[in-house]
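Following: one structure in structure tokens, then a few remarks.
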There are 2 protein chains.
Amino acid sequence: MNLATQIRGGLIVSCQAPADSPLAAPEIIAAMAKAAVLRGAVAVRINTPAHIQAVRQAVNVPIIGLWKQTLPAYPVYITPRFADAVAVAAAGADIIALDATARSRPEPLQDLIQRIHNELGKPVMADIDSLENAAAAVAAGADWVGTTLFGYTETTAHTPPPSWSLLSQLVEHLSVPILSEGGIASPTMAAKALGLGAWAVVVGTDITGIDLKVQQYVAALKANTDLS
Amino acid sequence: MNLATQIRGGLIVSCQAPADSPLAAPEIIAAMAKAAVLRGAVAVRINTPAHIQAVRQAVNVPIIGLWKQTLPAYPVYITPRFADAVAVAAAGADIIALDATARSRPEPLQDLIQRIHNELGKPVMADIDSLENAAAAVAAGADWVGTTLFGYTETTAHTPPPSWSLLSQLVEHLSVPILSEGGIASPTMAAKALGLGAWAVVVGTDITGIDLKVQQYVAALKANTDLS
């Protein structure tokens, strides 16, 4: 069964933790991934070769792999260079996710996608923030598109994700699987994304974002205490 | 600073995982607790001596300890016997949480609370499901009351937690700290509980319940796929 068929209609759990979190240890990320698969996730999305390698040994489902890299000269940070993709593939990822927004980047998008196809033999998931970027990514060879970066780039930061209109446009205009990712914060929202034609739904913070959720709760309680 | 002052207005994170989960390993529960404290939790709530012991070595904040025990003859399952409380205290818990509903139990509530005070020197958190049970628990010596079991007992199962009216009644009628626990599923709800007079707020599933949340998402997506 090919990868796209394996994930169709399913939940993909992004298992990540901030680098300074006690939960960022590879064996803990692997345990999160294992628990997600045990409870029905069809795939997982994992950042950094070390985590991908640990997860690869723990689960058999497809791994969407990426490597977030902060490059001083470029805003693009999800698997921005071919060398990053090489490490992600070597660690065991089945699909390489990369930033496919129109922002300045160290290597041309088309070259990057074609090298990943030709030299690594892996499909590419394009993380985008607009229909234009998505269409350009597909034209450059991207196999899947994710709404991942909507709400996280300069041009979209004013609107919190998810964007249902973006999802609908992508489904309507593009012929590749569209993954709804970013801002999905309840099972109801996930079902809505599927109903709008998403091929599959990626959820991170609401399931595995323990650090961030604690911060959100603490901030809300503090705000309340300051008022009383 | 006494325990009650330490937790006032704060977030208490319940770090638990189903026994069959890859996340149920003591070192992972300890990492969850450590992450929660790193991000601002004032205390943690931990089940089983093995997890309490691991968490005790990882954090300095107060631990509300309990031991869920399924007893064939009794519906009460949160730290139902003095022997359970001994193990919880020995593992390093600062407060012993126990089921203080009016259901049949292996040892009288008043005896259990007084033995925990006199022989273990620990305060007791009474997990209840009604104002009457809470009042009886306080009369029997309970130091704190938690709304923990509302919605989880035969008499309250028809109403999903949290019960804001129960919380308000407890705050109004009782003079001990009232902890809002059970069904708190967003920072907004947590702030509301504090606004209604909760001494502190306990959150479990929405922050650390990875297994259960994946199941909820998978069920919602499956229901959607079955429809389309």
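The values are calculated or read from the model by the stated rules, or taken from the named source; none is laboratory data. What you see is a predicted model; the values in this text were computed from it and never measured. So basically every Cβ, Gly included, is an ideal-geometry build from the backbone, and we count neighbours across all protein chains shown. Protein only, heavy atoms only, side chains kept; ligands, DNA and RNA dropped before computing areas. Shrake-Rupley method; radii C 1.70, N 1.55, O 1.52, S 1.80 Å.
Some observations on this one:
- Segment B:3-227, relative contact order [Cα under 8 Å, separation at least 6], %: 18
- A Cβ-based charge dipole, computed about the Cα centre of segment A:94-147 with Lys and Arg at +1 and Asp and Glu at -1, lands at about 80 debye.
- Spatial offset of segment B:91-162 relative to segment A:8-59 amounts to 37 Å, using the alpha carbon center of each.
- Where Cα atoms sit under 24 Å apart: lysine pairs in the protein assembly as shown separated by 8 or more or lying on different chains: 24
- Given +1 at the Cβ of Lys and Arg, -1 at the Cβ of Asp and Glu and no other charges, the dipole of segment B:3-227 around its Cα centre is 460 debye to the nearest 20.
- Between B:Glu154 and B:Ser168, the distance separating the two model label sites (each 7 Å from Cα on the Cα→Cβ line) works out to 3.0 nm.
- Between A:Val171, A:Val86, B:Pro187, the Cα set farthest toward the positive side of the dipole of the protein assembly as shown (charges on each charged residue's Cβ, about the Cα centre) is that of A:Val86.
- Rounded D (µm²/s) - segment B:67-205, Kirkwood Rh over Cα pairs, Stokes-Einstein at 25 °C, 0.890 mPa s: 164
- Counting only DSSP beta bridges whose two residues both lie in segment B:4-154, roughly 10 percent are antiparallel.
- Note on B:Ile207: accessible area is roughly 0 Å² with a 1.4 Å probe, heavy atoms of protein only.
- Annotation for B:Glu132 and B:Gln114: the two label points, set 7 Å from Cα along the Cα-Cβ direction, are 2.4 nm apart.
- Chains B and A together bury roughly 3600 Å² of accessible surface, counting both sides and using a 1.4 Å probe on protein heavy atoms.
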